Amino acid sequence: MVEHERFIARRRARFDGIDGKVNIPYGTALTCQDGFLMHKNQRVCAVGSQNALDYFVQDDDGAGDLRGKLVDSIQRCLERRDAAYQTRWDKVWSSALCQRYRRPESDDHWLWARAFYDAPVIDLRAIATLVQLPVK
């Protein structure tokens, strides 16, 4: 696993952090130190935690804002229970690209791995196209 140095809040983060209550606005930069996301010299959460997945994306390449928007859009699109719901999920399950970003522990339920949240923007754009999101 690559140890990223910079992260960005992809949405407002409000939760009980390691060193106290967290209220971090969208777009706020964080650093990674010894496996913890840091904000104002306080440990927010472990880089591999569910809170890290839910609120932050890596920004080492300066594309964190776009990465966060793509991750959010892909997840919202896949959660939408419309007529194309199963078609979108069938495409994800059969995609070699998507399989690279899937957590392998469940054969019948899809969970995105940490790598999805850190993925190169080009891969996230390809996944967005696959699930028929308009890609900018």
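The values are calculated or read from the model by the stated rules, or taken from the named source; none is laboratory data. Fair warning: this is a prediction, and the values are worked out from it, not measured in the lab. All Cβ positions, glycine included, derive from the backbone under ideal geometry; neighbour counts span all protein chains shown.
For L133, the criteria (1) at pLDDT below 95; (2) surrounded by 14 or more Cβ atoms within 10 Å (Cβ to Cβ); (3) under 23 Å from R6 (Cα atoms); (4) in contact with a helix residue (DSSP H, G or I) (Cβ under 9 Å, 6 or more places away or on another chain) hold in every case but one, which is (3). May I ask you to list the residues in the stretch 112-131 that are under 11 Å from the mean Cα position of the chain (by Cα) and β-branched (V, I, T)? Result: no residue meets the conditions. Against the test of being over 16 Å from the mean Cα position of the chain (by Cα) and surrounded by 18 or more Cβ atoms within 10 Å (Cβ to Cβ), the options H109, H39 yield a single qualifying residue, H39. Which members of the stretch 8-59 meet the condition of being farther than 22 Å from R103 by Cβ and among the acidic types (D, E)? Across the stretch 8-59, the qualifying residues are D16, D19, D34, D59. Residues in the stretch 4-23 that are assigned to a loop (DSSP other than H, G, I, E, B) and either among the β-branched types (V, I, T) or within 15 Å of the chain's Cα centre (by Cα) (or both): H4, R10, R11, R12, I18.
Here F36 passes the criteria (1) at pLDDT 95 or above; (2) touching a helix residue (DSSP H, G or I) at 6+ places or on another chain (Cβ under 8 Å) except the one numbered (2). Give the residue, chosen from R100, R67, R88, that is among the basic types (K, R) and under 13 Å from the mean Cα position of the chain (by Cα). Result: R67 is the single residue among R100, R67, R88 that is among the basic types (K, R) and under 13 Å from the mean Cα position of the chain (by Cα).
A quick yes/no check of all residues on (1) surrounded by 14 or more Cβ atoms within 10 Å (Cβ to Cβ); (2) over 17 Å from T129 (Cα atoms); (3) touching a strand residue (DSSP E or B) at 6+ places or on another chain (Cβ under 9 Å):
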| residue | (1), (2), (3) |
| --- | --- |
| K21 | no, yes, yes |
| V44 | yes, yes, yes |
| Q58 | yes, yes, yes |
| G62 | no, yes, yes |
| D72 | no, no, no |
| R80 | no, no, no |
| V92 | yes, no, yes |
| F116 | yes, no, yes |
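Scanning the stretch 2-23 for residues that are more than 18 Å from R67 (Cα to Cα) and not basic (K, R) gives F15, D16, G17, I18, D19, G20, V22, N23.
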